[in-house]
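Before any comments, here is the structure.
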Amino acid sequence: MIDTERGAADPGGAEPSSKSKETEKKKRSRVKQLLADVKKQVEFWFGDVNLHKDRFLRKLIDESDNGYVDISVLTDFNRMKKLTTDTRLIARALKNSFIVEVNLAGNKVRRQHPVGNVPQDVDSRTVYVELLPKDVTHGWIEKVFAKCGNVVYVSIPRYKSSGDSKGFAFVEFEKEEEACKAIEMLNNPPEDAPRKPGIFPKTKSGKHIALSCDIPPSGTPSRRLSSWPSIPDSCSTPRLLVHCR
């Protein structure tokens, strides 16, 4: 009698257990992704490309003991706030990093190697993008230009009062030829590129429509072009123009 009752109870007890395992699996997956995102963000901040431009963080490193920066400082950065403000989790995410290292106390982080010299070809690897929507994001720009090469830095100037984009950005590629590819590809989109409202370039009879801003001022060599990638649903239909910096 007892065995029969136990057997009848087992199927019912197995269901919560299965759901619990699935929930735990999803939780581990989210934590794993969060750790990866935190690691990527911190490694970017402490990377050569960013430190050559980030005067605030560079000053903290230069003025600190042995190059260490309090992890709590990173939790004040907007991008980290969106990920986590847990300093212990941040330290955990950086455990296996090849770019930065955490001190024994687990409350400070520093680069493993000295900052390299500023490269002389930054301008030739940088593309200037204008006529962007006010709510454009780093992620969207990186996604668009990843088609052309390895994007190492994106700068989107914003108004301090509202946080809105000023309508332009700088996109730095790892290699000069990737920046050139961006201009070439976006100026000559593939035949199968989507051509719907909000998708660029604007064409008429299969030919690119020249805009007044496509023509650089006299004596100023500049190549500008329309981009064909789709615009985020939250955006209106701005024109996306690009030229070498």
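The values are calculated or read from the model by the stated rules, or taken from the named source; none is laboratory data. Keep in mind it's a predicted model, so treat the numbers as computed, not measured. Quick reminder, even Gly has a Cβ in these numbers, built from the backbone with ideal geometry, and neighbours come from all protein chains shown. What goes into the accessible areas is simple: the full protein's heavy atoms, side chains included, and nothing from ligands, DNA or RNA. Shrake-Rupley method; radii C 1.70, N 1.55, O 1.52, S 1.80 Å.
Quick test for you: out of ASP70, ASP86, ASP76, pick the one residue that is assigned by the TED database to the domain that holds VAL31, among the acidic types (Asp, Glu), in contact with a strand residue (DSSP E or B) (Cβ under 6 Å, 6 or more places away or on another chain) and modelled with pLDDT of 95 or more.
ASP70
Criterion first (in contact (Cβ under 8 Å) with a residue 60 or more places away in the chain and not in a helix (DSSP H, G or I)) does VAL115 satisfy it?
yes
How do the pairs read when you match residues in the stretch 24-52 that are outside the structural domain of VAL154 (by the TED database) with residues anywhere that are of a type in the set (S, T, N, Q) and open to solvent by 30 Å² or more (accessible area, probe 1.4 Å), using Cβ under 7 Å and keeping only pairs 6 or more apart or on different chains?
none
Please verify whether VAL49 is at pLDDT 95 or above and at negative phi, treating the condition exactly as stated.
Spelling it out, it is not the case that VAL49 is at pLDDT 95 or above and at negative phi.
Quick check on the stretch 53-63: of everything there that is of a type outside the set (A, V, I, L, M, F, W, C) and over 16 Å from HIS113 (Cβ atoms), which residue is least open to solvent (accessible area, probe 1.4 Å)?
If we take residues in the stretch 53-63 being of a type outside the set (A, V, I, L, M, F, W, C) and over 16 Å from HIS113 (Cβ atoms), then ASP54 is least open to solvent (accessible area, probe 1.4 Å).
From the list VAL100, VAL129, exactly one residue is buried (at least 16 other Cβ atoms within 10 Å of the Cβ), hydrophobic (A, V, I, L, M, F, W, C) and not assigned by the TED database to the domain that holds LEU35. Which is it?
VAL129
Identify the residue in the stretch 132-151 that is among the hydrophobic types (A, V, I, L, M, F, W, C) and over 14 Å from ALA182 (Cα atoms) and, among all such residues, is most open to solvent (accessible area, probe 1.4 Å).
Within the stretch 132-151, the match that is most open to solvent (accessible area, probe 1.4 Å) is TRP140.
Given the structure, is ARG111 within 30 Å of GLU63 (Cβ to Cβ) and open to solvent by less than 50 Å² (accessible area, probe 1.4 Å)?
yes
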